[in-house]
Amino acid sequence: MALKGTIDALVVGAGPVGLAAALTLVRGGCRRVEIIDEADRRTGLSYALALHPATLDRLAGLGVAGELVARGNRVDRVALYDGAVRKAELELGSLDRSHPFVLVVPQGEIEEVLLAALAGEGVEVRWRHRLRHIEPGDAAVTCSIDRIDSDSSGYAVSRIGGVVGKSFEREIPLILGADGHGSLVRRQLGIERSATGPSGTVAVFELEGESLPAGVPEDAARRELRITFTGGLRSVWWPLPGERTRLGFELPAEESPTAGRDKSRLPPIVPWLASTLDEKRLHELAAERLPWHAAPSGRLMWSVAVRFGRGLATSFGRGRIWLAGDAAHIAFPFGVQSMNEGIAEAQELAARFGRVLAGTEPLASLESYGGERLARWQALLAPAEPGAAAAAMGGDPWLAAHAHGIVEALPVAAAEAEQLLARAAAQGGA
């Protein structure tokens with residue numbers, strides 16, 4: 001099926017951020033929306049696996065939160081450990097939210113639910129379509145879009161495989177780039193992304209039938225996320241839906257078993273057992289980094305090392321072309337901040353697009369989106385002053401010393417993470 005002849009808004013990238021943007025546009029009355037993605041499928045395995053309480057509230061407004069909750073695992077508490085010592089419990093039910101919990105749900109499930117909602121509106125993703133070139137204009141953006149075929153005709157496109165089967169030229173009023181860390185939209189705008197901190201690597205293991213932590217009732221154990229600090233490194237124990245568990249380990253700087261990210265929307269992961277991350281290595285890491293847990297006993301389904309960088313674009317866009325999600329920022333993965341903040345950005349930007357298209361808001365109003373989001377991320381990525389952290393933690397020395405690392409790893413909005421830590425300090429930790 002060919003692209004629409006008239007397109008009011010083009011969403012580039014069909015991950016959760018792009019899909020949420022498209023659904024917001026359609027539900028807001030903008031029917032001439034197209035979504036393109038150069039991949040030939042949606043995400044298989046990905047580190048992103050949690051929706052924040054604030055994100056669930058936003059998705060409820062799109063009518064998809066209920067289906068997501070039915071597919072996910074609800075986490076009501078986050079336990080913080082210093083080695084084997086339980087230092088604090090953060091009760092998510094204390095948050096002033098309609099959904100006061102973290103929902104552990106793999107990214108593929110999130111995408112499936114959003115795709116179904118879009119299909120119900122008559123909107124489908126144009127897979128294997130690549131935005132080749134954009135030329136901003138006063139009234140619209142001239143877009144060159146290639147459809148990538150797998151046959152032997154056309155000219156080759158090396159990185160994504162296949163050949164260009166057909167090219168389309170469209171004049172499109174508004175473009176939303178949600179095409180990930182290697183964003184073509186960002187690069188074609190000439191927007192640089194600056195490092196905001198050191199890069200690193202996390203090792204991820206997913207197990208089936210893993211034994212639950214001892215001393216906690218089974219139902220309570222599956223509703224608790226555990227973050228452990230050992231030797232300055234963080235590890236996380238995620239209870240997934242069903243009988244699965246995911247373990248994540250922040251690796252020392254000298255350990256880097258995978259290459260950096262390429263220019264795809266998808267993260268650089270391989271869904272097979274990596275030779276460097278076998279069962280022996282899992283047992284070594286668990287013994288060293290999760291001393292409160294017995295030796296892993298579940299069946300290792302897959303493992304991978306994910307290289308990440310901390311980075312922020314110098315701008316979120318300009319004129320008729322704007323960015324959301326990983327296209328503009330990359331954060332430490334444990335807190336799933338980039339995807340969740342990206343969904344918020346997508347919904348805000350899509351709502352603004354709708355008002356601009358309807359003529360109720362000037363195009364220039366989009367500049368405020370860019371300024372506000374850039375300022376927000378600059379604040380999110382800036383470490384708190386030690387004195388301020390100590391004051392916020394009520395003088396609790398361990399929480400104060402680890403405050404930045406905890407906030408970065410907690411799967412809630414940063415402001416809510418600080419509230420939870422302050423409340424835990426006031427109650428004397430665990």
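The values are calculated or read from the model by the stated rules, or taken from the named source; none is laboratory data. Keep in mind it's a predicted model, so treat the numbers as computed, not measured. Neighbour counts run over all protein chains shown; Cβ positions are idealised from the backbone, glycine included. These area figures cover heavy atoms from the full protein model, side chains too; ligands, DNA and RNA do not enter into them. Shrake-Rupley method; radii C 1.70, N 1.55, O 1.52, S 1.80 Å.
Out of curiosity, is Ile36 crowded, with 17+ Cβ neighbours inside 10 Å and in a loop (DSSP other than H, G, I, E, B)?
no
Which of the residues that make up the stretch 225-255 are over 23 Å from the mean Cα position of the chain (by Cα) and part of a strand (DSSP E or B)?
Within the stretch 225-255, just Thr230 meets the criteria.
Condition first: at pLDDT 95 or above and either within 19 Å of Arg41 (Cα to Cα) or under 28 Å from the mean Cα position of the chain (by Cα) (or both). Can you find one or more residues in the stretch 150-172 that meet it?
The answer is yes, given that some residue of the stretch 150-172 is at pLDDT 95 or above and either within 19 Å of Arg41 (Cα to Cα) or under 28 Å from the mean Cα position of the chain (by Cα) (or both).
Does the stretch 65-122 hold any residues that are in a strand (DSSP E or B) and touching a helix residue (DSSP H, G or I) at 6+ places or on another chain (Cβ under 8 Å), and which are they?
As a first pass, look at the stretch 65-122 and keep what is in a strand (DSSP E or B): 73-75, 77-82, 85-91, 102-104.
Residues satisfying the conditions are Val75, Arg77, Val78, Leu80, Asp82, Lys87, Ala88, Glu89, Leu90, Glu91, Val102, Leu103.
Among the residues of the stretch 66-92, how many are in contact (Cβ under 8 Å) with a residue 12 or more places away in the chain, over 25 Å from Pro291 (Cα atoms) and open to solvent by 60 Å² or more (accessible area, probe 1.4 Å)?
Qualifying residue count for the region: 2.
Could you list, in sequence order, all residues of the stretch 296-325 that are under 21 Å from Val12 (Cβ atoms), open to solvent by 10 Å² or more (accessible area, probe 1.4 Å), part of a loop (DSSP other than H, G, I, E, B) and of a type outside the set (Gly, Ala, Ser)?
Listed by number, the residues that qualify are Thr314, Arg320.
Regarding Gly15, is this residue of a type in the set (Gly, Ala, Ser), open to solvent by less than 60 Å² (accessible area, probe 1.4 Å) and in contact with a Ser or Thr (Cβ under 7 Å, 6 or more places away or on another chain)? Reasoning before the result, please.
On the way: of a type in the set (Gly, Ala, Ser): yes; open to solvent by less than 60 Å² (accessible area, probe 1.4 Å): yes; in contact with a Ser or Thr (Cβ under 7 Å, 6 or more places away or on another chain): yes.
Criteria met by Gly15.
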